[in-house]
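A quick write-up on the structure given underneath.
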Amino acid sequence: MRLPFSRPRPVHDTVVTAVTPLTSAMVRITLTGPTLPALAFEQPTQWAKLTVADPAGAPVSRAYTVRHHRPGPGEADFDVVLHGRGPFARWAAAARPGEPVRIAGPRGRLRTPEGAGHLLLVADESAQPAALALLAALPRGFPVLALLETGLPQDTLPCRTAADAAVHWLPRAGTGHRKGELLLESVRDAALPPGRGAAWVAGEAGAVTGIRRHLLGERGFEREGVRAKGYWKAGEADHRGGAEQ
């Protein structure tokens, strides 16, 4: 399975038009701008760099998945997790309609090996916008196992897909697990279909590294078939993340 990709990196000046709570720890920021109809959004996991001003007026930038793009009204949605001390999370928690936001991008690409017969999709809250967008874009009937970690049982999100998807929500509340530990445990326990598979893994950097190591070393996944990305890192207020592993 291969999805098309291009690398346009234009800049769009937008304003916030809505802030919608999605879960106990996530809000949707809806942006509108005169050039957004031309936003070249071609892949479900593409991201854009959002830049806002902090309370002192200094620019603050962070990369987020383009969750939805509506060219007609010139709108785009970005889902932001309010889980840390990072400056962008603080901005999003207090964001109001009318505030200016600059969008640069989108960027990013999705590569899966030719001939993969099934997909393992693993994500914590920070990566759920990308994971759910990817699920929505998969071909009808494509076998998928999705393991999605949340904080609370009620923090699940709508999942729309034509794929043959088994979606498991994994709430941490009451388990004593730190973020990412449930994902690693669940991947180790997962029953995967036979044959050549692909994996898309994203979330806390330490957990992602452990899951990738397990898939390559104990599950026999091919290196080019595992896309792994640390979106954030425990103990770091504004982790920028490295290249996909």
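The values are calculated or read from the model by the stated rules, or taken from the named source; none is laboratory data. As the structure is a prediction and not an experimental result, all values here were calculated from the model. All Cβ positions, even for glycine, are placed from backbone atoms using ideal geometry, and neighbour counts span all protein chains on display.
Tabulated results
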| quantity | calculated |
| --- | --- |
| Among the residues listed as P129, P100, the single one being in contact (Cβ under 8 Å) with a residue 60 or more places away in the chain and buried (at least 19 other Cβ atoms within 10 Å of the Cβ) | P129 |
| Verdict on R62 being among the basic types (K, R), part of a strand (DSSP E or B) and modelled with pLDDT of 95 or more | no |
| Selection count, the stretch 68-82, where residues are surrounded by fewer than 23 Cβ atoms within 10 Å (Cβ to Cβ) and either part of a loop (DSSP other than H, G, I, E, B) or touching an Asp or Glu at 6+ places or on another chain (Cβ under 7 Å) (or both) | 6 |
| The stretch 1-34: number of residues that are at pLDDT below 95, of a type outside the set (A, V, I, L, M, F, W, C) and in a loop (DSSP other than H, G, I, E, B) | 8 |
| Failed condition for L39, given (1) surrounded by fewer than 17 Cβ atoms within 10 Å (Cβ to Cβ); (2) at pLDDT below 90 | (1) |
| Test for A92: is it buried (at least 22 other Cβ atoms within 10 Å of the Cβ), on the phi < 0 side of the Ramachandran plot and touching a Gly at 6+ places or on another chain (Cβ under 8 Å) | no |
| Selection count, the stretch 195-219, where residues are of a type in the set (G, A, S), in contact with a strand residue (DSSP E or B) (Cβ under 9 Å, 6 or more places away or on another chain) and farther than 24 Å from G151 by Cα | 3 |
| Whichever residue in the stretch 180-191 is closer than 16 Å to A228 by Cβ and not small (G, A, S) and, among such residues, is surrounded by the most Cβ atoms within 10 Å (Cβ to Cβ) | L183 |
| Boolean, T20 is under 19 Å from R107 (Cα atoms), of a type in the set (S, T, Y) and not assigned by TED's automatic domain parsing to the domain that holds P171 | no |
| Failed criterion for R85 (all others in (1) among the charged types (D, E, K, R); (2) modelled with pLDDT of 90 or more; (3) in a loop (DSSP other than H, G, I, E, B); (4) in the same structural domain as T23 (by TED's automatic domain parsing) hold) | (2) |
| Residue among V60, V66, V122 that is in the same structural domain as A162 (by TED's automatic domain parsing) and β-branched (V, I, T) | V122 |
| Conditions (1) on the phi < 0 side of the Ramachandran plot; (2) touching a residue at least 24 places away in the same chain (Cβ under 8 Å): number failed by G74 | (1) |
| Pair list, Cβ < 8 Å and 6+ apart or interchain, from the stretch 175-199 residues that are under 20 Å from L134 (Cβ atoms) to residues that are surrounded by fewer than 12 Cβ atoms within 10 Å (Cβ to Cβ) and at pLDDT below 85 | R196/G115 |
| The one condition in (1) free of Cβ contacts under 8 Å to residues at least 40 places away in the same chain; (2) within 20 Å of T17 (Cα to Cα); (3) aliphatic (A, V, I, L, M) that A56 fails to fulfil | (2) |
